[in-house]
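Below you'll find the structure, written out as structure tokens, and then a few comments.
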Amino acid sequence: MLFALLSASAIFSAIQAIRSKRLIEAAIYLAGVSTMVALIFYLLGAHEVAVIELSVGAGLVTVLFVFAISLAGDEPISFLPNFPKPLAFIFALIPVTIIGLQLFSLTGVSMPFIESSFNEILWQERGPDVLVQVVLIFCGVLGMLGILSTTDVSTKKKSGLPIANPPNSAKSIDHIEAKENQ
Amino acid sequence: MNPSSINILAACVLALFGVAIYGLLVTRNLIKIMIVLQILVKAAVLGLVVAGKMNGQINLSQSIAVTVIVADTVVVIVGLALAIQARQVIGTLDADALSKFRED
């Protein structure tokens, strides 16, 4: 019963995230999906992933979305979809049906060996995964620099200086700095 | 854990997956696309953990799920950086405007 309630809440939040016209509402509904999924993880006994999902999925990612929306502007979404909605619904239904037929025909298989603890699996048996995570986090830091580099230009735009070139190009920043020095 | 709970969670995974696929098809806003992609990855991670619970290998599925969450977060960061850059260069968050911008 609890699983059904949490699942229904997650699906409702996901639908609202797609239906909402404002980006900030969609980001908040996404945080709701993350929270419900984290609660399901906790009830399943996956405590470590529940904590990570709650802190990263509902915390860090939501903050990133709010920051990005505040930079890009929360204008109401008025683009018409490329796909007609009934056709998109049919296209979404096809993979769901195929996966569902395979999923519900599966039965649980109990493995004969005793499973190691989470720490042993993460740090010893799946060590290369941790290395990949370190590389990915480094890429994420570079991506954050990509986001933060735009704030520098926007503050310069607010100061009233004209920007002739595209605002994010290095040439335009040099041009602004040369004017400021004069 | 009784089989009905597993069925409910499998149905939840499928529903989240379907909602996300539908959203990807009808969305053109770059930031909204990243939000929909997050829902898709959450369905995948939930499916991983449920499968681990079914097989009695919850710790192995947790280890893989952590890797997926980290990769997903980096994808969001890079995608948002691209969206903001596109917004500043083109002036819109419309994904179709990117292809038109390339033609110009």
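Only the coordinates and a few stated rules stand behind these numbers; no lab work does. Everything numeric here is computed off the predicted structure, so don't read it as measured data. All Cβ positions, even for glycine, are placed from backbone atoms using ideal geometry, and neighbour counts span all protein chains on display.
Tabulated data
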| read-out | value |
| --- | --- |
| Residue order, fewest to most beta carbons within 10 Å, for A:118, A:12 | A:12, A:118 |
| Förster-model FRET efficiency, 30 Å R0, residue B:68 and residue A:94, C-beta, rounded to 0.05 | 0.80 |
| Net charge dipole size for the range B:3-103 [Lys, Arg +1 and Asp, Glu -1 on Cβ; Debye, nearest 20] | 60 |
| Dipole of chain B, positive direction: furthest Cα of B:48, B:5, B:19, with charges on the beta-carbon | B:5 |
| q = 0.13, 0.14, 0.18 Å⁻¹: log10 I(q)/I(0) that the Debye formula gives for chain B, counting C-alpha atoms only | -0.59, -0.65, -0.88 |
| Residue order, fewest to most surrounding Cβ atoms within 10 angstrom, among B:42, A:85 | A:85, B:42 |
| Spacing of the two label points (7 Å from each Cα toward its C-beta) at residue A:130 and residue A:67, in nm | 2.7 |
| Between the range A:20-87 and the range B:15-47, the Cα center-to-center distance that results, in Å | 10 |
| Potential extension, residue A:104-residue A:42 segment - 0.36 nm per residue separation minus Cα distance | 20.0 nm |
| Partner chain coverage, peptide B:41-53 - average Cβ within 10 angstrom | 5 |
| Mean Cβ neighbour count within 10 Å, used as a protection proxy, ranking A:1-10, A:14-23 highest first | A:14-23, A:1-10 |
| Per residue, the convex hull volume that the Cα atoms of the range B:55-104 enclose (Å³) | 91 |
| Residue-span extension gain [residue A:137 to residue A:1] - 0.36 nm each, minus C-alpha spacing | 45.2 nm |
| Relative contact order, percent, the range A:1-77 [alpha-carbon distance under 8 Å, six or more residues apart] | 34 |
| FRET efficiency, residue A:116 to residue B:100 (Cβ-Cβ, R0 35 Å, nearest 0.05) | 0.05 |
| In degrees, nearest ten, helix B:58-90 long axis to first principal axis of chain B (Cα) | 10 |
| Computed lengthening from residue A:16 to residue A:74, 0.36 nm per intervening residue step minus Cα-Cα distance | 19.2 nm |
| Spin-label pair residue A:148/residue A:8, simplified geometry with 7 Å Cα→Cβ offset, distance in nm | 4.5 |
| Peptide A:41-54, shielding by other chains (average Cβ, 10 Å cutoff) | 6 |
